[in-house]
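In what follows, a structure is listed as structure tokens, so that the remarks can point back to it.
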Amino acid sequence: MKRLLPTSIAVLAALIHSYSFASAITENASHYTVSNPLNQPLQQVLAIPLNSETQGKGDLLVTSNGAEVPSQTTATELLVALELAANSHRDITVHRLIEGAPKIIYPKQTYAELAVRIGGKSDEKGLYSGGKYYPVKAMQLPASHSIGNKLFKYEGFGWESEHIAYRFYFDQRGAVDIFGKIKNGLSLAATGLDGGDYHSLSDWGMDVLKVGPSLGLGAVAAWVDNQLVKPAPTQGMSASIKDGALQSSITVKHNGWPVGGDTLDLSTRYSIRANSPLTRVEVAANSLSQLATGIVKHDVQVLTYAPDHGKWGYLATYGNQSLNDDDLGMAIFFPLKAFDSFKTDSANELVVLNNQPQGTHYYFAAYWSAHPNGPKSAAEFKALLRSEIDQLNHPFTLTSHKL
């Protein structure tokens, strides 16, 4: 694969507007207007569904006003990173490059990994050492795996944007933890290596959440007979990873999960996009009538929002609850059409959702006060939650048109 440097990308984008060059490297183009409906500037990743004009063997290039715009193509969508002023719009053009044209690789703004120790050995207690951690694209959890045996870097898989990082305990705990950042940047690749300690503050940040027996932040469970049922034990557990510049995701599958007398399969996809702390969670478990997600209980302020209008509500907590002994805000944003109730148990603040036939989705996010843009007070955190709800209720709008 040939990699284009930023200057080469800029030259290529400019030449797109030359008819002779465009006819040589592109097959067609689609034109859109993107609008920001809010009275505030937005920096988001826009998803454009792929159609007959944009699908094909060649790469896609997005331009606006003669300059390239960072993008990423998935199996079903074209993702475009855009920044729009309040109540403004912007025209973009999607060009499909002919097969064989140079590949365009934009700087990474997200990352996902599951790193497995290879070449090491285990001692009499089953603890691994030696060798190196290597990222894999997919992994079936070994039946012999035990908690804390150091087979996986930081005990599971992780995903991040430049603002925040998360990890999932790839074992029967099934919880989500938080790596807070004190500056923007991608840090997971260098986290959890032998000799390091992510529980202590480093130049990028640290593990900021004490999870205990809880769901951590935003992990999936069932809600049966007014009780939380975590997805363990199971007949099998696997993970698959998709790492990209503007969006990265990991899908974890639990097979043979016993719930309320039934045995079912659960698929959960965690994804994150550039310029956002939000993780989108997509849950598929057809025979499950209700699911629950939550936030670890730390005896801090609990905030709930489930209005009669709009599309989104939230469950959130804020206060001195980080492992750095400072303030941390956590939130779950859920679709109101799926909302059932707020609950609590000994370890979690919970929101119960009615499972939807097409699958259920929600978002979660963490906001550490030590981050340059992190909320420094409960009032700042509440304002941030309102902003996130506004953006979920009023995302970018997309209009297709012909020149």
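Tabulated data for the structure shown
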read-out	value
LYS125 surrounded by fewer than 13 Cβ atoms within 10 Å (Cβ to Cβ) and of a type in the set (Lys, Arg)	yes
Any hit, the stretch 55-69, residues being buried (at least 16 other Cβ atoms within 10 Å of the Cβ), closer than 27 Å to ARG280 by Cβ and in contact (Cβ under 8 Å) with a residue 60 or more places away in the chain	no
Residue identified as farther than 25 Å from GLU83 by Cβ, modelled with pLDDT under 95 and surrounded by fewer than 15 Cβ atoms within 10 Å (Cβ to Cβ) among ASP325, ASP308	ASP308
Those residues of the stretch 61-82 which are in a strand (DSSP E or B) and farther than 16 Å from GLN247 by Cα, in sequence order	LEU61, VAL62, THR63, SER64, ALA67, GLU68
Number of positions in the stretch 308-356 that are in a loop (DSSP other than H, G, I, E, B) and in contact (Cβ under 8 Å) with a residue 12 or more places away in the chain	12
Residue match in the stretch 368-387 (condition: in a loop (DSSP other than H, G, I, E, B) and closer than 19 Å to LEU336 by Cα)	no
Output for the stretch 253-291, where each listed residue is assigned to a strand (DSSP E or B) and either under 28 Å from PRO70 (Cα atoms) or among the acidic types (Asp, Glu) (or both)	ASP262, ASP265, THR268, ARG269, TYR270, SER271, ILE272, ARG273, THR279, ARG280, VAL281, GLU282
Residue match in the stretch 97-108 (condition: surrounded by fewer than 16 Cβ atoms within 10 Å (Cβ to Cβ), in a strand (DSSP E or B) and at pLDDT below 90)	no
TRP204 vs. criteria in the same structural domain as VAL252 (by TED's automatic domain parsing), farther than 21 Å from VAL351 by Cβ and modelled with pLDDT of 95 or more	yes
Residue check, SER346 at pLDDT 95 or above and either under 21 Å from the mean Cα position of the chain (by Cα) or more than 30 Å from ASN226 (Cα to Cα) (or both)	no
In the stretch 170-204, the residues that are among the charged types (D, E, K, R) and over 17 Å from TYR270 (Cβ atoms)	LYS181, LYS183, ASP194, ASP197, ASP203
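Yes or no, residue by residue, for (1) touching a residue at least 24 places away in the same chain (Cβ under 8 Å); (2) surrounded by fewer than 19 Cβ atoms within 10 Å (Cβ to Cβ); (3) within 19 Å of the chain's Cα centre (by Cα); (4) not in a strand (DSSP E or B):
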site	(1), (2), (3), (4)
GLN172	yes, yes, no, yes
PHE179	yes, no, yes, no
ALA189	yes, yes, yes, yes
LYS210	yes, yes, no, yes
GLY218	yes, no, yes, no
ALA232	yes, yes, no, yes
THR251	no, yes, yes, no
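Residue-by-condition table, conditions (1) buried (at least 18 other Cβ atoms within 10 Å of the Cβ); (2) over 22 Å from the mean Cα position of the chain (by Cα); (3) more than 18 Å from TYR270 (Cβ to Cβ):
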position	(1), (2), (3)
ALA316	yes, no, yes
GLY329	yes, no, yes
THR360	yes, no, no
ALA370	yes, no, yes
ALA379	no, yes, yes
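The values are calculated or read from the model by the stated rules, or taken from the named source; none is laboratory data. What you are looking at is a predicted structure, and each value in this text was computed from that prediction instead of being measured. Every residue, glycine among them, receives a Cβ derived from its backbone with ideal geometry; neighbour counts consider all protein chains shown.
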